[in-house]
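**Q** Quick one: the structure is below, and I'll ask about it shortly.
The values are calculated or read from the model by the stated rules, or taken from the named source; none is laboratory data. Nothing here was measured: the structure is a model prediction, and the numbers come from that model. Heads up, the Cβs are rebuilt from the backbone with ideal geometry, glycines too, and the neighbour counts pull from every protein chain shown. Ligands, DNA and RNA are stripped out before the accessible areas are found, and what is left, the full protein with its side chains, is counted by its heavy atoms. Shrake-Rupley method; radii C 1.70, N 1.55, O 1.52, S 1.80 Å.
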Amino acid sequence: MTRIGLLSDTHSYLDPQIFTHFDSCDELWHAGDVGNLAVMEQLKAFRPLRIVCGNIDREASDLPLNARFVLEGVDVWMTHIGGTPPRYNPVVRPELKSNPPMLFVCGHSHILKVTRDPTMQNLLFVNPGAAGKTGFHVMRTAVRFSLDAGRILDMQAIELGKK
């Protein structure tokens, strides 16, 4: 079993609560818009980090736009601008249709959302919302869950407080 701490859209702000909420996690995932790369370095120093490039990160880093991997038997695709079911980003939609992952993770909208998409082989769509203070969201959020033997378990939304 692998415990995952998932966040997105930190926009150069890393709430110290993240380290407490993700203390039990084996890995951290960041779905883009990290902002200042010092945030990424702090996360990497805390736990192994998988991270993708957000629209504010492109000039400041060489982060990948997408990460597709299998962990604990779960096929995962993480990107920043993924859209939302059923209105996926036109750039990712063809790949989702032809080869849907079990878990599709994205950020960008600053809206926490966890839902199944029956039109994409019941993939689990997860957007952790925004953990930073920049944007239109009111509540800063993150997500914690586990992967184990091809299953996605113990999904928990975390409220970090108002921005």
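**Q** Which ones in segment 141-163 are hydrophobic (A, V, I, L, M, F, W, C) and in contact with a helix residue (DSSP H, G or I) (Cβ under 8 Å, 6 or more places away or on another chain)?
**A** Residues satisfying the conditions are Ala142, Ile158, Leu160.
**Q** Next up: In the set Ser8, Ser12, which member is hydroxyl-bearing (Ser, Thr, Tyr), open to solvent by less than 50 Å² (accessible area, probe 1.4 Å) and within 27 Å of Gly161 (Cβ to Cβ)?
**A** Criteria check complete, one pass: Ser8.
**Q** Okay, next question. Would you kindly identify the strands (runs of 3 or more DSSP E) lying entirely within segment 83-163 that contain at least 2 residues that are open to solvent by less than 10 Å² (accessible area, probe 1.4 Å) and farther than 23 Å from Asp23 by Cβ? Reasoning before the result, please.
**A** Working: elements: 103-105, 112-117, 123-128, 139-148, 151-162.
In segment 83-163, 123-128 are the strands (runs of 3 or more DSSP E) which contain 2 or more residues that are open to solvent by less than 10 Å² (accessible area, probe 1.4 Å) and farther than 23 Å from Asp23 by Cβ.
**Q** Turning to a different aspect of this structure: Which of the residues spanning segment 20-62 are of a type in the set (D, E, K, R), at pLDDT 95 or above, open to solvent by less than 80 Å² (accessible area, probe 1.4 Å) and in a loop (DSSP other than H, G, I, E, B)?
**A** The answer is Asp26, Asp33, Arg47.
**Q** While we're here: For residues that are in contact with a Ser or Thr (Cβ under 9 Å, 6 or more places away or on another chain) and β-branched (Val, Ile, Thr), scanning just segment 114-140, find the one that is farthest from Arg87 (Cα to Cα).
**A** Ranking the candidates gives Thr134 first.
**Q** Return yes when Asp75 is among the acidic types (Asp, Glu) and either open to solvent by 70 Å² or more (accessible area, probe 1.4 Å) or assigned to a strand (DSSP E or B) (or both) and no when it is not.
**A** Judged against the criteria, Asp75 is a match.
**Q** Please identify the pairs in which a residue from segment 101-121 that is under 16 Å from Ile158 (Cα atoms) and without any contact (Cβ under 8 Å) to a residue 60 or more places away in the chain has its Cβ atom under 6 Å from the Cβ atom of a residue that is hydroxyl-bearing (Ser, Thr, Tyr) and in a strand (DSSP E or B), counting only partners at least 6 apart or on another chain.
**A** Taking only residues 6 or more apart or on different chains, the pairs are Leu112/Thr141.
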